[in-house]
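Some notes on the structure that comes next.
The values are calculated or read from the model by the stated rules, or taken from the named source; none is laboratory data. The model shown is predicted, which means the values in this text are computed figures rather than measured ones. Positions of Cβ are backbone-derived with ideal geometry, glycine not excepted, and every protein chain shown enters the neighbour counts.
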There are 2 protein chains.
Amino acid sequence: MDHSNGEHIIHKVGAPSSKQNLMKEFRTTVKETFFSDDPLRQFKNQTRSRKFFLGLQAIFPILAWGRTYNLSKFKGDLIAGLTIASLCIPQDIGYAKLAGLDPQYGLYSSFVPPLIYAFMGSSRDIAIGPVAVVSLLLGTLLQAEIDPAENPTEYCNLAFTATFFAGITQFTLGFLRLGFLVDFLSHAAVVGFMGGAAITIALQQLKGLLGIKNFTKNSDLISVMKSVFGSVHHGWNWQTVLLGVSFLAFLLIAKFIGKRNQKWFWVPAIGPLISVVLATFLVYITRADKDGVQIVKYIRKGINPPSVKHIYFTGKYLTTGIRIGVVAGLVALTEAMAIGRTFAAMKDYQLDGNKEMVALGTMNIMGSFTSCYVTTGSFSRSAVNYMAGCRTAVSNIVMSIVVLLTLLVITPLFKYTPNAILASIIISAVVGLVDYKAVILIWKIDKFDFCACMGAFFGVVFAGVEIGLLIAISISFGKILLHVTRPRTAVLGKLPGSTVYRNIEQYPDASKVPGILIVRVDSAIYFSNSNYIKDRILRWLADEEEQLTAQGLPQIQHLIVEMSPVIDIDTSGIHAFEDLYKSLQKRDIQLMLANPGTAVIDKLHASKLDDVIGHDKIFLTMADAVRCCNPNSTIDEV
Amino acid sequence: MDHSNGEHIIHKVGAPSSKQNLMKEFRTTVKETFFSDDPLRQFKNQTRSRKFFLGLQAIFPILAWGRTYNLSKFKGDLIAGLTIASLCIPQDIGYAKLAGLDPQYGLYSSFVPPLIYAFMGSSRDIAIGPVAVVSLLLGTLLQAEIDPAENPTEYCNLAFTATFFAGITQFTLGFLRLGFLVDFLSHAAVVGFMGGAAITIALQQLKGLLGIKNFTKNSDLISVMKSVFGSVHHGWNWQTVLLGVSFLAFLLIAKFIGKRNQKWFWVPAIGPLISVVLATFLVYITRADKDGVQIVKYIRKGINPPSVKHIYFTGKYLTTGIRIGVVAGLVALTEAMAIGRTFAAMKDYQLDGNKEMVALGTMNIMGSFTSCYVTTGSFSRSAVNYMAGCRTAVSNIVMSIVVLLTLLVITPLFKYTPNAILASIIISAVVGLVDYKAVILIWKIDKFDFCACMGAFFGVVFAGVEIGLLIAISISFGKILLHVTRPRTAVLGKLPGSTVYRNIEQYPDASKVPGILIVRVDSAIYFSNSNYIKDRILRWLADEEEQLTAQGLPQIQHLIVEMSPVIDIDTSGIHAFEDLYKSLQKRDIQLMLANPGTAVIDKLHASKLDDVIGHDKIFLTMADAVRCCNPNSTIDEV
């Protein structure tokens, strides 16, 4: 390959490694797949006891950050903790209803899981507890199996079972370092899914807000709208509507104020609690519940009862519980990871995805033992936590203690809280999930992503939350597969006065070299695309020859494939190149390769295809390859 | 971006297209996905009647090649047709037994489908009929639903139903131009699956070959071995073993002779028919069937009876039929496409995958109406067809006519054919499916492919044919997903005396440029890998800085990302780059991009990320980018 006919120093193409080290290759793959964040780096060159302590610290990050914890940090965490507690208490009661559970379960879920997370989690800003989307999803899936009105105990037990398996799913993914699987749900699909779920949740709240008694159990737009308008004349309760709508207006104004001026972030944060106190007091003194204003009625006092023995570890509900748990666990994980990463990027600290999953999993497993349902990081409360100046996960501990006191002391006071207020709190919380700015950005950047986003959105809104989720996942996978099967190819031309070859569509002043067709393949060549790539190269050739014939120009003699982007090739790819070579031979066209990478060179060599094509037809750069085709024309080359 | 401080003519990076043409982009994607073979090219600029004729020709390729058909071609086709007929008749009877059907159904399936294929198919070499692997798969799947011994009629009807839906599946995939889906089964997985299926089939033939009466219905190695050795003392019939083993030896020797000298390809081709004739005659004169040699006993005379009204279009077997049909149809499709492509490459003609699927689908639909079961292209018979000198699909018509005559006249003569002969014919036919040479090549080229191959092989052998198929598909998808989630990245160095930057691991003499880290990302950046890529780049940086600190060298000031292989980026990718930029800003490191493609430039622009990074930090070539970092050092650059 050493051409000395040029005036340049010609480098050889990196030779195939003399010995394919299988074990090394395998180790690299395993490392990049499962340990790409190099978690063992800090363990290098440490004493045994130090290693043990580091290991313990890895499981309980509180041991690391706890040692530098101080009063100034605590001040921030205290304020943030109190703020998110005031926000979470009314939300919890509402979300529990969304999941089809009694209100106290929402509070239970804001007590144990945040405590556990504080010890094991590595995010400093996330606020743990029940969230709207997961509550809705869990409620929908559970109600498809058991009617909570008929069998409240079984329903509750299935909820704990699902929570347990959601935790197991999360823990297992983290422990097996399969955290990257969460990345398979594309950002665009998540935005669409969340937006659709928010709309669905808001619509379902019309039941509470308008005081409608007979309401559909389906979550799609059409069923809900039928329920709403079907009951206009006899089902709406004017006192409820008045109460609900005025407090909703108050909450939305509070939200608007908080958005306009970040200093006033606490206005929307304490708005819900103020609404609850005011509305409860109002109902209590006017006894509006006797006029048909629906109220919470009963909420159990005391801390979480144990629920280990309520979980279905056998029987017909086991598989159902596993199925629902896996789905709810994955959705909860997606939400938590998105939040964790967002805030980690804002404060520039690293988040270990797998460790985070272990923490979330443990927290849900322990939760399922203590009457909690699936919890995760909440978008709205985490944002408030961040703005209120939280410094560490201690804010979650503060919130947890406040919820504990609430459970022990003041739950009975929620008896007269009108459902309409809970509905308006939920609506004002979920409107933030409709991230229209992200949608506009997605539209601008990538139209295909936009379709994915809209697909998931309309799927959730019109066909229900499970179908929407399925659409989101299918679209994400479809996109991956499409790009893998139909990679791009480009014809390259030479930029005038240089030896740089670029896509002639991107650079109109690049000119084709007479007698040579240069094609760049923009992807690794695998079984899924090898046939397409071969056919596409032959089609470029056919198009070019047709054009040349029409113009009466000489035909193509050399076809150079620019391999820089071809980072890998498999057996099918090698076969495709063999076929390509044979087809070209029959037409008297010489196949040449430019700049194949290590993996490709190794495999060309292993398959002896490099002998067939000819070692002198494989070049380090496009310039070398073109020079070899026209050994005399060194004009116009720098 | 126009630097005039160098002595080179500097080209600008291809600007973002002023107007993103959504419709054009969409059209291109649709075209490349579904019409990548440009099927409408020939219709351009034609009169309406010509277009109609061309359309008709596209559906029935026989109209195209039939017009140039002549006597010399017919001679080749006649000989090839007679040869494959002599091979297919005994195979058909055996394969029908493999599918759990009566022997005549095998012959039926070699009469109608090849005729239809001859009119619609575009491969010139493929031989259509029942094949071993599909027969086994169909038999296994059907017997899991219905016991053919108890309900022979229902079993048969379900077989037709499955055949109908196999045809519908194939037709639909072709008609909707989804043919590329077949490419998702990787070559390596197919080799492993076929090999495993061949071993399984051969093992099952021990029943016939050894004359065992009580034989397992499972297809896995362990069950079969138990049946074989469990009946050593009382279940083997010595006359059967003698007959079977001696004819098997004859057939294998014939095969060996055919392989040694291609001129004698007809020896293994007519071997089976000679064996059948000899063995049948032998049993007839010795009446060995009275000594326990099992014989065919009854085979119905006459052509295919209609079976339209036996297909389950409603009822409980409808969904089962659809499920089995889809699986069998896809496997049949994979086999036919592999054969078609192999021979098309050998004779250098184009095969339209989608059109081919429509032909195969139609042939199976029509087959299901005329008492045929799923047919496809046979590896062994197609090879014989090719070697016997077939020129067009007329050889299939010849074979079909011979089978017709057989059905009309001589089927009763098969009464005394011993099952042992059919078993030895099947064994000698399937040994060719164990493609150990391909396995060795796969091992040499790609270790991961080898694992996929072995996974499918052992899956089929030890866990049964459906599980093996599932493993093959899972491994194929797993491989795609792995490569999409964990793309490679490389640190680049400068080759001495050039402006060429290459992977320092592949080119050890490439040297890093002081103060600059150059990372190449070898993949499109999508949601599935954007987080990994960002983290991996930061890890390269951390490794490099650790090393520099240890050596007391100055730290990195510029990080250049070589974007040549990054052919596309989506919203998540843009977010990852934003995060990367922020992280680097905090460390006072300048992010630079070299040679982004059209799609990437467009999206950087749409997201305004190019303004954030700085237009003067995006370069056409690595050389330009490095020159910009060290404006004074033009030393060592050509």
>> Quick check on residue A:480: is it more than 9 Å from every other protein chain (Cβ to nearest Cβ) and either out of contact with any strand residue (DSSP E or B) (no Cβ under 6 Å at 6 or more places or on another chain) or closer than 30 Å to residue A:95 by Cα (or both)?
In response: no
> Applying the selection to the stretch A:25-40, what residues are in a helix (DSSP H, G or I) and either of a type in the set (A, V, I, L, M, F, W, C) or at the interface with another protein chain (Cβ under 7 Å from one of its Cβ atoms) (or both)?
Replying inline: A:25, A:26, A:30, A:32, A:33, A:34
> Before we move on, is residue A:626 more than 8 Å from chain B (Cβ to nearest Cβ), in a strand (DSSP E or B) and touching a residue at least 24 places away in the same chain (Cβ under 8 Å)?
Replying inline: no
> Quick one: which of B:470, B:492, B:482 is free of Cβ contacts under 8 Å to residues at least 24 places away in the same chain, of a type in the set (A, V, I, L, M) and under 30 Å from residue B:508 (Cα atoms)?
Replying inline: B:482
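One line per residue, one yes/no per condition, for (1) within 26 Å of residue B:138 (Cβ to Cβ); (2) crowded, with 19+ Cβ neighbours inside 10 Å:
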position: B:225; (1), (2): yes, no
position: B:231; (1), (2): no, no
position: B:243; (1), (2): no, yes
position: B:279; (1), (2): no, yes
>> Pairs needed: first member in the stretch A:178-198, at the interface with chain B (Cβ under 8 Å from one of its Cβ atoms) and farther than 17 Å from residue A:328 by Cβ; second member anywhere, among the basic types (Lys, Arg) and outside any helix (DSSP H, G or I); C-beta distance under 8 Å; at least 6 residues apart or different chains.
In response: A:180/B:486
> Inside the stretch A:483-496, can you point out the residues that are at pLDDT 80 or above and either more than 7 Å from chain B (Cβ to nearest Cβ) or out of contact with any helix residue (DSSP H, G or I) (no Cβ under 6 Å at 6 or more places or on another chain) (or both)?
Replying inline: A:487, A:488, A:489, A:490, A:491, A:492, A:493, A:494, A:495, A:496
> Residue check, residue A:199 against (1) surrounded by fewer than 21 Cβ atoms within 10 Å (Cβ to Cβ); (2) under 20 Å from the mean Cα position of the chain (by Cα); (3) more than 16 Å from residue A:468 (Cα to Cα), all met but one. Which one?
Replying inline: (3)
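Can you name the helices (runs of 4 or more DSSP H) wholly within the stretch A:51-119 that have at least 2 residues being over 27 Å from the mean Cα position of the chain (by Cα), buried (at least 24 other Cβ atoms within 10 Å of the Cβ) and not assigned by TED's automatic domain parsing to the domain that holds residue A:409?
Numbers: elements: A:62-65, A:71-98, A:103-109.
Of the helices (runs of 4 or more DSSP H) lying wholly inside the stretch A:51-119, none has at least 2 residues that are over 27 Å from the mean Cα position of the chain (by Cα), buried (at least 24 other Cβ atoms within 10 Å of the Cβ) and not assigned by TED's automatic domain parsing to the domain that holds residue A:409.
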> Cβ-Cβ below 6 Å, separation at least six or inter-chain, first residue in the stretch B:418-437 and on the phi < 0 side of the Ramachandran plot, second among the hydrophobic types (A, V, I, L, M, F, W, C) and surrounded by fewer than 18 Cβ atoms within 10 Å (Cβ to Cβ): which pairs?
Replying inline: B:428/B:252
>> Among the residues of the stretch B:274-302, what is the count of those that are of a type outside the set (S, T, N, Q) and not in a loop (DSSP other than H, G, I, E, B)?
In response: 15
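Residue-wise test of (1) within 8 Å of chain B (Cβ to nearest Cβ); (2) within 27 Å of residue B:495 (Cα to Cα).
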residue: A:553; (1), (2): no, no
residue: A:559; (1), (2): no, yes
residue: A:576; (1), (2): no, no
residue: A:582; (1), (2): yes, no
residue: A:609; (1), (2): no, yes
> Counting only residues that are over 38 Å from the mean Cα position of the chain (by Cα) and surrounded by 12 or more Cβ atoms within 10 Å (Cβ to Cβ), which one in the stretch B:10-32 is modelled with the highest pLDDT?
Replying inline: B:13
> Somewhere in the stretch B:582-591, is a residue part of a helix (DSSP H, G or I), assigned by TED's automatic domain parsing to the domain that holds residue B:532, in contact (Cβ under 8 Å) with a residue 12 or more places away in the chain and not polar (S, T, N, Q)?
Replying inline: yes
>> If I filter the stretch B:521-544 for residues that are over 25 Å from residue A:341 (Cβ atoms) and among the small types (Gly, Ala, Ser), do I get at least one hit?
In response: no
>> Looking at the stretch B:623-632, can you tell me whether even one residue there is of a type in the set (Val, Ile, Thr) and surrounded by 15 or more Cβ atoms within 10 Å (Cβ to Cβ)?
In response: yes
> Out of the residues in the stretch B:41-50 that are exposed (fewer than 12 other Cβ atoms within 10 Å of the Cβ) and not small (Gly, Ala, Ser), which is nearest to the chain's Cα centre (by Cα)?
Replying inline: B:44
>> Could you go through the stretch A:33-42 and let me know if any residue there is touching a strand residue (DSSP E or B) at 6+ places or on another chain (Cβ under 8 Å) and at pLDDT below 75.
In response: no
> Of all the residues that make up the stretch B:152-163, how many are more than 11 Å from residue B:328 (Cα to Cα) and either touching a helix residue (DSSP H, G or I) at 6+ places or on another chain (Cβ under 9 Å) or among the acidic types (Asp, Glu) (or both)?
Replying inline: 8
> Does at least one position in the stretch B:388-396 carry a residue that is away from chain A (no Cβ under 14 Å), of a type in the set (A, V, I, L, M, F, W, C) and surrounded by fewer than 24 Cβ atoms within 10 Å (Cβ to Cβ)?
Replying inline: yes
